[in-house]
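The values are calculated or read from the model by the stated rules, or taken from the named source; none is laboratory data. Everything quoted here is computed from the prediction, not taken from an experiment. We place every Cβ from the backbone using ideal geometry, glycine too, and count neighbours over all the protein chains shown.
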Amino acid sequence: MKQIPKYLPLVPVFAAYCVLFLIGENMEGMWQLMSMLLFYCALGQAFNVFLGMTGYVDFGYVAFLGVGTYGMALSITRLVQYEFLGVWIIVIGFGLAMVMSTLLSMAVGAVALRLRGAYFAIATIGVNEGFRFLIEGARIWNGSEGMIFTADLNKILGRDTAAALSTYWADVMVLVIAALAAFVTLVYMRSKIGYALTALREDEDAAKVMGINVTKFKIIAFITSACLAGLLGATAWALKTPYVFPPEVFEIHYTIEAIIIVMLGGAGTLLGPLVGGLVYGIAQYYLSIFLPGFQLLIFAPVILVIIVVFPEGIVGMLKARTRGSALERFIM
Amino acid sequence: MFFEQLGGNLIQGVVLGAVYGMATMGLSLIFGVLKVVNVGHGAFIMVGAFVTLFLFSSLGISPLFAVPVAFGVGMGLGLIFYYTTIRKLIKAPELATLLATFSIGVLLEELIKLIFGSEFRGYNWVVGKIDLGITVLPLSKLYAGIGSVLIAVLLFLWFKKTRAGSAVRSVVEDSEGAQVCGINVGGAYALSFALGIGLTVASGVLLTMFIPVGINPYMGGGYTLKAFVIAVLGGLASPYGAFFGGLIFGLIENGSYTLFAYIPGVEPFALTRFLSFVILLVILLIRPTGILRAK
């Protein structure tokens, strides 16, 4: 009996993803917008696992998407010669993306997560740039020329399947990752990890005194978040657009977008990244048509206002409004 | 041959390092007094670069005179951002000020892009050069280096000799105690923030002497990272530590460039930027309080 309500907050999240999918599937010309919205929601959900739950901000977050992209790219370009692997190359690519983003997050986390607040932010701010310059400087994985693997992908899957993969199945996989991230968020929130992280977010010293191993839980959240980002990079970037260039996949712009989405929706809430992703994605879509190039100029002051005036975000306010009503169980 | 080249690069490194140091003092000052990390630091440097560009290209004013103008612009920006956002966030969790200063940086970048466009620009200020035997140093760079040292000395004197400087120092020591003694703590915060931003924007003017065609709305990101490396080298909360951290960083950057250039098959410029990130992590790992603090 008690097990059922536990996952109720997932209902609106999954319902929203289903609606997005159905709109994209059935309405002419909407698939592109829907796939963009799904990407933003997934980005927010994945970023929220760390920023929202720990209250620490990782300014180098895009690096995890970047190495995930590289993981898939390496799997495709290096394994294309083994024809018997077939579609398993993509599966291996996902595995490699997860392994690489996990390794990077462990390396960064080992240094940065021993540090508090401001020092942590300082340690992460160079991760994406640092990794990009390592790849370019030491000419690893083709260095600054990057990799283009459209031909390899065609060879592995055949031309038609490869086209379907980049225009349709990659987006479906983004949807799966977004749902997975939401599920993981809820599982964490409802377990010891979530309680420990809430305690640490409120008062790290007090949490330590209470015997909570704060570093351990911070690292769990960090690695999970990084792993989801790696998967997202492998699908939304490597499979959707079969090329990878270091300046593009380590661009800080995506970290900015992730911060906007999470703060707009409400950091540390389950529904927040979804709401933030939808609002940001729709605004971004129409702004890019009517006022191209002005998106960040509009969103930077918006985010400042949010931080100063209502730091709990849209969902945080909704939560306060619905407290005590029947809706309460669904909003988290 | 190698040592001549290294020596020449190191001399250039000292001059560049002095400017780097001055460009980081504002960051350390703000962290030292308000305990706020200005993640948008590089964007303010970029604003200084555009002030220089505008004054030189449009009005024909020498970059040396752009320094006080940029300082004034920076003080103004600092006061605006302090009273609209930072003041309300000082008591909030650290996350709030980190995200706020980050957003301020994004806002400045987009505003400058709106006004000036996003292409790379530069200006050509010819004042001659001096030949030191092993290297040729343009006088513009030398002026920038000397200017940086002068500004650092002025800041030092301001802290030691003036009433306002002493007030700020007392707030750093013990803000509650300072308040009890009748010091306007809020005012000291506002002044320190404005001064820190003013110094940073002014340093943007001096940094343009080292980047002939590198002025761009998004140029700040690289300087934010460098400034953090330097600030952490100097202990993060100390403007003087930052200045000497800058000197060390200038030497490391130019010295390592010379060494990397000898490794075949790599891009030395990109590797020096990777190295600065590694240095940051190593210092944070072994000595987060800075390597210049003798304690």
Scan the stretch A:85-112 for residues that are crowded, with 18+ Cβ neighbours inside 10 Å, at pLDDT 90 or above and within 14 Å of another protein chain (Cβ to nearest Cβ) and jot them down.
A:Leu104, A:Ser105
Selected residue (criterion: surrounded by the fewest Cβ atoms within 10 Å (Cβ to Cβ)) from residues of the stretch B:113-131 that are more than 10 Å from every other protein chain (Cβ to nearest Cβ) and aliphatic (A, V, I, L, M)
B:Val126
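Just to be sure I understand, how many residues within the stretch B:258-285 are hydrophobic (A, V, I, L, M, F, W, C) and closer than 21 Å to B:Gly7 by Cα?
Looking only at the stretch B:258-285, we keep the residues that are hydrophobic (A, V, I, L, M, F, W, C), and these are B:259-261, B:263, B:266, B:269-271, B:274-275, B:277-285.
Those still in the list that are closer than 21 Å to B:Gly7 by Cα too: B:259-261, B:263, B:269, B:271, B:275.
The total comes to 7.
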Going through the stretch B:239-268 in order, the residues found to be away from every other protein chain (no Cβ under 14 Å) and of a type in the set (Gly, Ala, Ser) are B:Gly241, B:Gly246, B:Gly250, B:Gly255
Candidate set: the stretch A:303-327, residues that are surrounded by 13 or more Cβ atoms within 10 Å (Cβ to Cβ) and not hydrophobic (A, V, I, L, M, F, W, C); chosen: the one farthest from the chain's Cα centre (by Cα):
A:Thr322
Being within 14 Å of chain A (Cβ to nearest Cβ), small (Gly, Ala, Ser) and within 19 Å of the chain's Cα centre (by Cα) is the filter; apply it to the stretch B:42-95 and report the residue that is surrounded by the fewest Cβ atoms within 10 Å (Cβ to Cβ).
B:Gly42
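Okay, residues lined up against (1) buried (at least 18 other Cβ atoms within 10 Å of the Cβ); (2) of a type in the set (Lys, Arg); (3) touching a strand residue (DSSP E or B) at 6+ places or on another chain (Cβ under 8 Å):
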position	(1), (2), (3)
A:Arg114	no, yes, no
A:Ala123	yes, no, no
A:Phe131	yes, no, no
A:Glu136	yes, no, no
A:Arg139	no, yes, no
A:Asn142	no, no, no
A:Gly146	yes, no, yes
A:Asp152	yes, no, no
The lone condition B:Val172 fails out of (1) farther than 24 Å from B:Pro68 by Cα; (2) within 14 Å of chain A (Cβ to nearest Cβ); (3) not in a loop (DSSP other than H, G, I, E, B) is (2)
Hey, does the stretch B:166-188 have a residue that's touching a residue at least 60 places away in the same chain (Cβ under 8 Å) and among the small types (Gly, Ala, Ser)?
yes
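Of all residues in the stretch A:197-236, which are farther than 30 Å from A:Thr69 by Cβ and buried (at least 23 other Cβ atoms within 10 Å of the Cβ)?
Let us first name the residues in the stretch A:197-236 that are farther than 30 Å from A:Thr69 by Cβ, namely A:198-214.
Hit for the stretch A:197-236 is A:Leu200, nothing else.
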All conditions in (1) within 13 Å of another protein chain (Cβ to nearest Cβ); (2) modelled with pLDDT of 90 or more are true of B:Gly290 except (2)
Any pair with Cβ under 9 angstrom, 6 or more apart, that starts in the stretch A:101-114 at a residue that is farther than 13 Å from A:Gly60 by Cα and touching a residue at least 12 places away in the same chain (Cβ under 8 Å) and ends at one that is part of a helix (DSSP H, G or I) and of a type in the set (Gly, Ala, Ser)
A:Thr102/A:Ala226; A:Thr102/A:Gly230; A:Met106/A:Ala226; A:Val111/A:Ala123; A:Leu113/A:Ala123
For residues that are in a helix (DSSP H, G or I) and within 14 Å of chain B (Cβ to nearest Cβ), tally how many sit in the stretch A:13-65.
9
Of the residues that make up the stretch A:37-55, is at least one under 26 Å from B:Thr224 (Cα atoms) and either basic (Lys, Arg) or surrounded by fewer than 24 Cβ atoms within 10 Å (Cβ to Cβ) (or both)?
yes
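In the stretch B:195-212, is there at least one residue being touching a residue at least 40 places away in the same chain (Cβ under 8 Å), β-branched (Val, Ile, Thr), buried (at least 21 other Cβ atoms within 10 Å of the Cβ) and at the interface with chain A (Cβ under 10 Å from one of its Cβ atoms)?
Step one: of the stretch B:195-212, the residues touching a residue at least 40 places away in the same chain (Cβ under 8 Å) are B:195-212.
Next cut, β-branched (Val, Ile, Thr) only: B:197, B:200-201, B:205, B:208, B:211.
Right, trim to buried (at least 21 other Cβ atoms within 10 Å of the Cβ) and you get B:197, B:200-201, B:205, B:208.
Still in the running and at the interface with chain A (Cβ under 10 Å from one of its Cβ atoms): none.
No: the stretch B:195-212 contains no residue that is touching a residue at least 40 places away in the same chain (Cβ under 8 Å), β-branched (Val, Ile, Thr), buried (at least 21 other Cβ atoms within 10 Å of the Cβ) and at the interface with chain A (Cβ under 10 Å from one of its Cβ atoms).
Answer yes or no: is there a residue in the stretch A:17-33 that is over 21 Å from A:Tyr243 (Cβ atoms), surrounded by 14 or more Cβ atoms within 10 Å (Cβ to Cβ), small (Gly, Ala, Ser) and under 20 Å from the mean Cα position of the chain (by Cα).
no
Would you call B:Leu98 within 14 Å of chain A (Cβ to nearest Cβ), touching a residue at least 40 places away in the same chain (Cβ under 8 Å), of a type outside the set (D, E, K, R) and over 23 Å from B:Leu155 (Cβ atoms)?
Values: within 14 Å of chain A (Cβ to nearest Cβ): yes; touching a residue at least 40 places away in the same chain (Cβ under 8 Å): yes; of a type outside the set (D, E, K, R): yes; over 23 Å from B:Leu155 (Cβ atoms): yes.
Yes: the conditions hold for B:Leu98.
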Considering only residues that are over 26 Å from B:Gly187 (Cβ atoms) and touching a Pro at 6+ places or on another chain (Cβ under 8 Å), look in the stretch B:101-112 and name the one that is nearest to the other protein chains (Cβ to nearest Cβ).
B:Glu110
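In the stretch A:115-188, which helices (runs of 4 or more DSSP H) lie fully inside it and hold 3 or more residues that are within 14 Å of another protein chain (Cβ to nearest Cβ)? Break it down into steps so the answer makes sense when it comes.
Values: elements: A:117-124, A:127-137, A:150-157, A:159-164.
Here the list reads A:117-124, A:127-137.
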What are the pairs, 6+ residues apart or on separate chains, where a residue within the stretch B:214-238 that is more than 8 Å from chain A (Cβ to nearest Cβ) and within 18 Å of B:Glu110 (Cβ to Cβ) has its Cβ under 7 Å from a residue that is surrounded by 24 or more Cβ atoms within 10 Å (Cβ to Cβ) and among the β-branched types (Val, Ile, Thr)?
B:Ile215/B:Thr208; B:Gly220/B:Ile45; B:Tyr223/B:Ile45
How do the pairs read when you match residues in the stretch A:310-327 that are under 19 Å from B:Pro93 (Cα atoms) with residues anywhere that are of a type in the set (Phe, Trp, Tyr) and not in a helix (DSSP H, G or I), using Cβ under 8 Å and keeping only pairs 6 or more apart or on different chains?
A:Gly316/A:Phe310; A:Met317/A:Phe310
Members of the stretch B:269-283 found to be in contact (Cβ under 8 Å) with a residue 12 or more places away in the chain and either more than 7 Å from chain A (Cβ to nearest Cβ) or not aromatic (Phe, Trp, Tyr) (or both), listed by number:
B:Phe269, B:Leu271, B:Thr272, B:Arg273, B:Leu275, B:Ser276, B:Ile279, B:Leu280, B:Ile283
